[in-house]
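Engineer: The structure's right below; bear with me while I get my questions together.
Values in this text are rule-based calculations from the coordinates and carry no lab data. Keep in mind that what you see is a predicted model, and the values were worked out from it rather than measured. For neighbour counting, all protein chains shown are included, and Cβ atoms are generated from backbone atoms with ideal geometry for every residue, glycine included.
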Ligand SMILES: CC(C)(COP(=O)(O)OP(=O)(O)OC[C@H]1O[C@@H](n2cnc3c(N)ncnc32)[C@H](O)[C@@H]1OP(=O)(O)O)[C@@H](O)C(=O)NCCC(=O)NCCS
């Protein structure tokens, strides 16, 4: 009987759509359906110690000229034990910088997502600790790992939560202490990586600013080309794995390079095309900073002039989850409200993707 009555109701009011929230039918479209998830404040932090190419040349058989021409990197930052420990330390510093720059509060954040390949420890989750330390005591938190695409995936998750109306103030953290997983006797990897953190606060936006579109992808054929072999369930830690240095990051540089150039560039161009945009419509590209030649290839494919491309690889190297938020942080004074900003990343897995964001911060 009740079922019949409900069916009659929907037949009578079929021009109404069921609401996403509880509370019965409402007229579409709702403001919730047009709601975007926008970045409303950002922060960044890098440790004080500067490891230059010249210092690396005293540790392994390399030189400044080789590193600069092959990668674009001149120096990187390293977190020394005397300054602090772990990804959470960098995150808390970056949140402090964001609060100081934008005057935002974070104790009312309701979700913290940590993008990182180097959390403080495998278990317990580091994001919960960050939430506690910044005073967001009512927040739900989780760690997310997608290699060098972690931050992009985390922003996508945050946007989905906000667009659904489930969470209203999300802190996305990209923090990595790559020096903790680099073998400083391996010249093919130790020159590439550095430590750092960037954070982004994300909130609902009714002006249509914020995340507009994205293309995210994975391909497990990359599993053999870039990885840390031991320490997971596949090969748990043992004396042997330690002796063989299997807890450090290893890669087949050329294979990763070829893959990165084609996938990151193609996907960024595909996202432009999908939305009827050209390079002229883009204010800035904030690409993952793994190699200057990969960044240049992506910019060429998107037909962007040099000044539209965020580059800070010379100062920080590849900080993995922190490259994109640190890029935003470094260029924050150049970005204007309404600007079309593109993110592009790739990483181990393989993982990769591109995202289109309309900048929402109106900095006076
Ligand atoms: C790692 C990378 C910079 C190496 O550059 P490359 O031009 O591909 O160089 P190759 O690996 O072909 O090595 C060329 C030569 O330089 C040598 N070499 C490697 N590292 C060196 C170093 N730090 N200093 C000096 N010589 C080095 C190699 O041994 C090789 O010598 P050989 O010709 O005598 O065998 C490049 O492949 C790269 O950036 N790949 C992508 C890596 C990446 O982005 N990873 C992170 C993904 S998020």
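Engineer: Taking Cα pairs under 8 Å and at least six residues apart, what relative contact order does the stretch 212-358 come out at, in percent?
Structural biologist: Over the stretch 212-358, the number comes to 36 percent.
Engineer: OK, next. Relative contact order for the chain: what percent, with Cα pairs under 8 Å and sequence separation of 6 or more?
Structural biologist: This gives 23 percent for the chain.
Engineer: Shape verdict for the stretch 36-208, please, from the Cα gyration tensor: rounded (a/c under 1.5), prolate (a/b greater than b/c) or oblate.
Structural biologist: prolate
Engineer: If R0 is 30 Å, what FRET efficiency do you get for residue 239 and residue 60 from their C-beta distance, rounded to 0.05?
Structural biologist: 0.75
Engineer: Here's something else I'd like to know. Compute the angle between helix 86-102 and the longest alpha-carbon principal axis of the chain, please, reported from 0 to 90 degrees and rounded to the nearest 10.
Structural biologist: Rounded to the nearest ten degrees, it is 60.
Engineer: Which of 319, 267, 218 ends up with the largest GNM mean-square fluctuation for the chain, with Cα atoms connected below 10 Å?
Structural biologist: 218
Engineer: Any chance you could give the angle, 0 to 90 degrees and rounded to 10, that helix 253-274 forms with the longest Cα principal axis of the chain?
Structural biologist: Around 30 degrees separate the two axes.
Engineer: May I pose another question? When only Cα pairs under 8 Å and 6 or more residues apart are kept, what is the percent relative contact order across the stretch 36-208?
Structural biologist: Reported as a whole number, the value is 34 percent.
Engineer: From the helices alone, meaning DSSP H stretches of at least four residues, give me the mean residue ellipticity at 222 nm for the chain, per-run term -39500 (n - 2.57), in deg cm²/dmol to the nearest 500.
Structural biologist: Using -39500 (n - 2.57) per qualifying helix, the result is -9500 deg cm²/dmol.
Engineer: Would you please classify the overall shape of the chain from the alpha carbon gyration tensor, given that a ≥ b ≥ c denote the square roots of the eigenvalues, rounded means a/c under 1.5, and beyond that prolate means a/b larger than b/c while oblate covers the rest?
Structural biologist: Prolate shape, in that a/c is at least 1.5 and a/b is the bigger ratio.
Engineer: Another question about this same structure. Using only Cα atoms, tell me the angle between helix 150-163 and the longest principal axis of the chain; keep it within 0 to 90° and round to the nearest 10.
Structural biologist: Orientation of helix 150-163: about 10 degrees from the principal axis.
Engineer: Let me make sure I get this right: for the stretch 249-364, a, b and c are the square roots of the gyration tensor eigenvalues over alpha carbons, sorted descending. Under 1.5 in a/c it's rounded, otherwise prolate if a/b > b/c, else oblate. Which is it?
Structural biologist: Note, shape of the stretch 249-364 comes out oblate.
Engineer: Further question on the same structure: Taking Cα centroids, how far is the stretch 267-295 from the stretch 35-56 in Å?
Structural biologist: 21
Engineer: Something else: Can you pull the one-decimal nm distance between simple spin-label points at residue 300 and residue 336, each 7 Å off the Cα toward Cβ?
Structural biologist: 3.0
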